[in-house]
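Everything on this sheet refers to the single structure shown next.
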Amino acid sequence: MIRELLWKEWRENRWKYATLWLVFNAPILILMLAIGTLPGARDPFGDLSDRMVMKYLPLTLGEGFLVASLFLLATSMVAVAVFRPDSADKAMFFVFEQPVSRRKYLTTKLLYGACQVALAVCFAVLFAPAAAYAMMLMSGKATLAGSGAMFGAILGAAARCILWCTLVSVAAFLGAALISALVRRWWLAAICAIGFVVLFGAYVFRDNSLFGGGEFFDIVPTVEGKTFSVSVNFPTSHWLTVSDILPMPTGFGPSKVVPLAAGAALIVLFSTGLAWVYERKELK
Amino acid sequence: MNLIETRDLTRVFGKLRAVDSATLEVPAGTVLGLLGPNGAGKSTLLKLLAGHLRPTSGSISVLGAPAAGRAPELWRRIGYVAQERYLPGWMTAAECLRFTASFHQQWDSAKVERIMGRHDFPLQTHVRDLSRGHYVRLQIALALAHDPELILLDEPTSGLDPTGRHDLLELLIEEIGRRGCTVVLSSHMVEDIERMADTVAIMEGGRILTLGGVDAVKGTNSLEQTFLDYVNRRQE
Amino acid sequence: MRDGVPIYLQIVEQVKRNVALGRLKPEEGLPSVRQLALDLTINPNTVARAYLELEHQGVIYKRQGQGTFVSSQAAEASRRERHKMVSALFEKAVIEAVNSGMTGREIEETYHQLLRRYGLEEG
């Protein structure tokens, strides 16, 4: 029974979730493609010594930032798409006619979706620095001995930010799913979901909000007496410039309980909302 | 023993009284026909019986419980054939059957074979590409395979050619004859009801105009004439 | 299917008619309820009701585990039934003849012609 429900979720939504994975990994993939094919793209990295690595590698933590901000749009759109057949096409009633509680069906659907999102987040956030570092090692004079410690620290920071990114993404996924379940017309649901994500993101990143504002993502941290800058200049060959070696990243969000609890609370809230909506659904 | 009992069952959609104070009893092993024009409330009544809609007021008891919506286990004993198409279009017919079978310990594969196996049913075709006749056949298979006590059918013969209609009625007759199940069947085709039903409820505008044995309701007229009489009388 | 007459009664009449006409012989087996329902495309309950009525009237009987059969008394009942049917037809024919203006003599003439034609009378 559960096996068939999971199979249904997989078969019905495999391309939707695949899109999510693609979007999450698009930046690093594009980067890899550019560096692989365009000689000019490698310019900012110079001769790729260890020093260069230490300068540029921390930027790959931006993947986590993207996942928890811009990519929430993609996450929400996937959620709308995943929940559309149920609400718009009444496909849920096929499952409702089986001797299985609506709650069980919804739980399976939600858990499957949340796992997909969580895995996609984990993978993308870890893959970005790993792939970038691999490229750097392969093509330049960078060595493991010289820059391995920095890589380790970055990977650690990435791992720490996974929890926060996952919470935010799953919350956005469920919120958009709830909207999709409430709103029959798909385009209206999409618009509402986008609105929700924008508001959600704005609130999450605002200072003094429950989520601690933008402090979660100090990609460009400040250190006593020093300032760092990152600038991007398309389409010249010096398209990326970092002013100095960035300090080893420390203290990511996970150490703060309130934002994590708030994220978890939202997840519970949206799940409960969805359960209530599914319980009340009628074949009109 | 009554498998179904309703009393003053009412369902309202905004201003529309789709079902208005419906009171009926369906004893086990009998066939109730719902006869009426489009919009009479037959579909709504069947959905209420299935538990896909909640009543606005009145009471309803199906298989001894309020309605399937509250107790998913009841779906083991009920088969429902909807008028709408909501089988997942992307599934193949075979996948639909396998999916449904996984929820039931009781599954008569031989019966499924009989229902689907004739006329080379395209089991590997996606549901969205099935013709109306094939789609209904699949619905029937899904509804009957787990040997339900109660079968609810919403205008199952509509849109079928005479052969398809005949086949469908034959499937039902086989089922009733073999297992003595209870059936509630709606149609706007008088002949279907005349052939299949023991009891008939003539519906119009959400109300049950008359309810009784097919023979009693007919009197000395055809069922068709009786039906038209009732509808005309009501409109005066 | 005829208007106005319950289907189960139509079945009862049909069976009795066939017994009367000799198409169904005594001790001959009848189709099962399910089979007849399938053949006629009607509710098996209706067929069951017809068989019950026929049983009450002594036209058929059930043999445990073997099915339903025409009873032997049915033959005698069928003879009487047959006579009744023919008398009714006779009456219809006479009424028709009278209405079309035939005299008593003409009716008798026709009757004798028919008997001769079918070898029931020397003529």
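The values are calculated or read from the model by the stated rules, or taken from the named source; none is laboratory data. As the structure is a computational prediction, the values presented were derived from the model and not from experiment. A quick note on method: Cβ atoms are made from the backbone with ideal geometry, for glycine too, and the neighbour counts reach across all protein chains shown.
Might you let me know whether segment A:164-173 holds any residue that is out of contact with any Asp or Glu (no Cβ under 6 Å at 6 or more places or on another chain), over 25 Å from A:ALA18 (Cα atoms) and away from every other protein chain (no Cβ under 14 Å)? Looking through segment A:164-173, none of the residues is out of contact with any Asp or Glu (no Cβ under 6 Å at 6 or more places or on another chain), over 25 Å from A:ALA18 (Cα atoms) and away from every other protein chain (no Cβ under 14 Å).
Conditions tested, residue by residue: (1) away from chain A (no Cβ under 14 Å); (2) in contact (Cβ under 8 Å) with a residue 12 or more places away in the chain; (3) assigned to a helix (DSSP H, G or I); (4) in contact with a strand residue (DSSP E or B) (Cβ under 9 Å, 6 or more places away or on another chain).
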| position | (1), (2), (3), (4) |
| --- | --- |
| B:LEU3 | yes, yes, no, yes |
| B:THR6 | yes, yes, no, yes |
| B:THR10 | yes, yes, no, yes |
| B:VAL19 | no, yes, no, yes |
| B:ALA22 | yes, yes, no, yes |
| B:GLU25 | yes, yes, no, yes |
| B:ASN38 | yes, yes, no, no |
| B:LEU45 | no, yes, yes, yes |
| B:LEU53 | no, yes, no, yes |
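Could you please let me know if C:GLU55 is touching a strand residue (DSSP E or B) at 6+ places or on another chain (Cβ under 8 Å), part of a loop (DSSP other than H, G, I, E, B) and away from every other protein chain (no Cβ under 14 Å)? No: the conditions fail for C:GLU55. Can you say whether C:THR68 is more than 26 Å from B:VAL190 (Cβ to Cβ) and either in a helix (DSSP H, G or I) or more than 9 Å from chain B (Cβ to nearest Cβ) (or both), as far as the supplied structure shows? Here the answer is yes, as C:THR68 does meet what is asked.
Any residue at all in segment B:179-198 that's among the polar types (S, T, N, Q), touching a residue at least 24 places away in the same chain (Cβ under 8 Å), within 13 Å of chain C (Cβ to nearest Cβ) and in contact with a Ser or Thr (Cβ under 7 Å, 6 or more places away or on another chain)? So far as segment B:179-198 goes, yes, one or more of its residues are among the polar types (S, T, N, Q), touching a residue at least 24 places away in the same chain (Cβ under 8 Å), within 13 Å of chain C (Cβ to nearest Cβ) and in contact with a Ser or Thr (Cβ under 7 Å, 6 or more places away or on another chain).
Within segment A:79-115, how many residues are basic (Lys, Arg), out of contact with any Gly (no Cβ under 9 Å at 6 or more places or on another chain) and closer than 22 Å to B:GLY79 by Cα? So that I can check it myself, show each step before the final result.
Initial filter on segment A:79-115 (basic (Lys, Arg)): A:84, A:90, A:102-104, A:109.
Then keep just the ones that are out of contact with any Gly (no Cβ under 9 Å at 6 or more places or on another chain); that gives A:84, A:90, A:103-104, A:109.
Next, only the ones that are closer than 22 Å to B:GLY79 by Cα stay: A:90, A:103-104.
Within segment A:79-115, residues that are basic (Lys, Arg), out of contact with any Gly (no Cβ under 9 Å at 6 or more places or on another chain) and closer than 22 Å to B:GLY79 by Cα number 3.
Within segment B:30-61, can you find the residues that are under 16 Å from B:THR10 (Cβ atoms) and among the polar types (S, T, N, Q)? Those that are under 16 Å from B:THR10 (Cβ atoms) and among the polar types (S, T, N, Q): B:SER43, B:THR44, B:THR56, B:SER57, B:SER59, B:SER61. Of the residues making up segment C:79-109, just one is surrounded by 11 or more Cβ atoms within 10 Å (Cβ to Cβ) and outside any helix (DSSP H, G or I), namely C:MET102. If you check C:ALA74 against the conditions, is it part of a helix (DSSP H, G or I) and touching a residue at least 12 places away in the same chain (Cβ under 8 Å)? When the stated conditions are applied, C:ALA74 passes them.
Tell me, which residue of segment A:97-110 that is closer than 13 Å to A:VAL277 by Cβ and facing another protein chain (nearest Cβ under 10 Å) is surrounded by the most Cβ atoms within 10 Å (Cβ to Cβ)? Full working, then the answer.
From segment A:97-110, those closer than 13 Å to A:VAL277 by Cβ are A:102-103, A:105-106, A:109-110; that's our starting set.
Imposing the further condition that a residue be facing another protein chain (nearest Cβ under 10 Å) reduces the set to A:102-103, A:105.
Values: A:ARG102: 18, A:ARG103: 13, A:TYR105: 20.
For segment A:97-110, the residue satisfying everything is A:TYR105.
Being crowded, with 19+ Cβ neighbours inside 10 Å, in contact (Cβ under 8 Å) with a residue 60 or more places away in the chain and either in contact with a Lys or Arg (Cβ under 8 Å, 6 or more places away or on another chain) or small (Gly, Ala, Ser) (or both) narrows it down to one of A:GLU9, A:GLU4, so name that one.
Numbers: A:GLU4 fails: in contact (Cβ under 8 Å) with a residue 60 or more places away in the chain.
Just one listed residue meets the conditions, A:GLU9.
For segment B:196-216, filtering for residues that are in a helix (DSSP H, G or I) and surrounded by fewer than 22 Cβ atoms within 10 Å (Cβ to Cβ) leaves 2. Residues of segment B:56-108 that are among the charged types (D, E, K, R), part of a loop (DSSP other than H, G, I, E, B) and touching a residue at least 60 places away in the same chain (Cβ under 8 Å): B:ARG77 alone. For segment B:178-192, the criterion of being assigned to a helix (DSSP H, G or I), at pLDDT below 90 and hydrophobic (A, V, I, L, M, F, W, C) is met by at least one residue. In segment A:44-96, the qualifying residues are those that are part of a loop (DSSP other than H, G, I, E, B) and among the hydroxyl-bearing types (Ser, Thr, Tyr), and the one that is surrounded by the most Cβ atoms within 10 Å (Cβ to Cβ) is A:SER69.
Against the test of being more than 23 Å from A:TRP21 (Cβ to Cβ) and crowded, with 21+ Cβ neighbours inside 10 Å, the options A:ALA181, A:ALA158 yield a single qualifying residue, A:ALA181. Would a scan of segment B:153-169 turn up a residue that is without any contact (Cβ under 8 Å) to a residue 60 or more places away in the chain, away from chain C (no Cβ under 11 Å), part of a helix (DSSP H, G or I) and within 26 Å of B:PHE99 (Cβ to Cβ)? Yes, because at least one residue in segment B:153-169 is without any contact (Cβ under 8 Å) to a residue 60 or more places away in the chain, away from chain C (no Cβ under 11 Å), part of a helix (DSSP H, G or I) and within 26 Å of B:PHE99 (Cβ to Cβ).
Quick grid of which residues meet (1) more than 24 Å from A:PHE24 (Cβ to Cβ); (2) in a helix (DSSP H, G or I):
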site: A:GLN98; (1), (2): yes, no
site: A:TYR105; (1), (2): yes, yes
site: A:ALA114; (1), (2): no, yes
site: A:ALA132; (1), (2): no, yes
site: A:ALA145; (1), (2): yes, yes
site: A:MET150; (1), (2): no, yes
site: A:ALA172; (1), (2): no, yes
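Among the residues of segment C:1-35, just one is touching a Phe, Trp or Tyr at 6+ places or on another chain (Cβ under 7 Å) and within 11 Å of chain B (Cβ to nearest Cβ), namely C:VAL33.
This table checks each residue for (1) more than 9 Å from every other protein chain (Cβ to nearest Cβ); (2) crowded, with 16+ Cβ neighbours inside 10 Å.
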residue: B:ILE78; (1), (2): no, yes
residue: B:MET91; (1), (2): no, yes
residue: B:ALA94; (1), (2): yes, no
residue: B:LEU97; (1), (2): yes, yes
residue: B:ARG114; (1), (2): yes, no
residue: B:VAL127; (1), (2): yes, yes
residue: B:GLN139; (1), (2): yes, yes
